[in-house]
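This report refers to the structure that appears directly beneath it.
The values are calculated or read from the model by the stated rules, or taken from the named source; none is laboratory data. Since this is a predicted model, take the numbers as computed values, not measurements. Note that each Cβ is placed from the backbone with ideal geometry, even for glycine, and that neighbours are counted across all protein chains shown.
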Amino acid sequence: MDDGRIKHHPILEFKEGRVVRFTFDGKELEGYEGEPIACALHAAGVRVLRESPELKRPRGFFCAIGNCSSCLMTVDGRPNVRVCVERLREGMNVITQKGKGVLLADN
């Protein structure tokens, strides 16, 4: 996949897992197993991860260490998942979260 990911870095190593498929807002995407979900989304061209609850301003990939709330999404029915630190697995269902998130009835 030639997708804009960092391939070479003077200090860090980036090990790529196997290619897996997942869905994002109903669209099938691919990423590397074990990478943060936000990285796979960014590589697929997704730059807005959610909106601010009150002013509805777009929020993107920000801290990348799980400290802020810019990347909260619903993953496999669980709201408020920080996708910058949640690892990608085959078949995950990732949904843009509106507001504070709502638990889905089937989970």
Segment 18-33 residues that are on the phi < 0 side of the Ramachandran plot, paired with ones that are among the polar types (S, T, N, Q) and in a strand (DSSP E or B) (beta carbon under 9 Å, 6 or more apart): 22/93; 23/93; 24/93; 24/96; 29/23
Total residues in segment 34-76, condition touching a residue at least 24 places away in the same chain (Cβ under 8 Å) and in contact with a Phe, Trp or Tyr (Cβ under 6 Å, 6 or more places away or on another chain): 2
Positions within segment 20-60 being of a type outside the set (Asp, Glu) and over 14 Å from residue 94 (Cβ atoms), in sequence order: 32, 34, 45, 47, 52, 53, 55, 56, 57, 58, 59, 60
Residue in segment 63-72 that is out of contact with any helix residue (DSSP H, G or I) (no Cβ under 7 Å at 6 or more places or on another chain), surrounded by 10 or more Cβ atoms within 10 Å (Cβ to Cβ), under 16 Å from residue 98 (Cα atoms) and polar (S, T, N, Q) present: yes
Segment 82-99 residues that are on the phi > 0 side of the Ramachandran plot, paired with ones that are surrounded by 18 or more Cβ atoms within 10 Å (Cβ to Cβ) and of a type in the set (Phe, Trp, Tyr) (beta carbon under 7 Å, 6 or more apart): 91/22
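Report the residue count in segment 1-48 for those that are modelled with pLDDT of 90 or more and in a loop (DSSP other than H, G, I, E, B).
So the count comes out to 11.
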Residue 44 vs. criteria surrounded by 14 or more Cβ atoms within 10 Å (Cβ to Cβ), closer than 22 Å to residue 13 by Cα and touching a strand residue (DSSP E or B) at 6+ places or on another chain (Cβ under 6 Å): yes
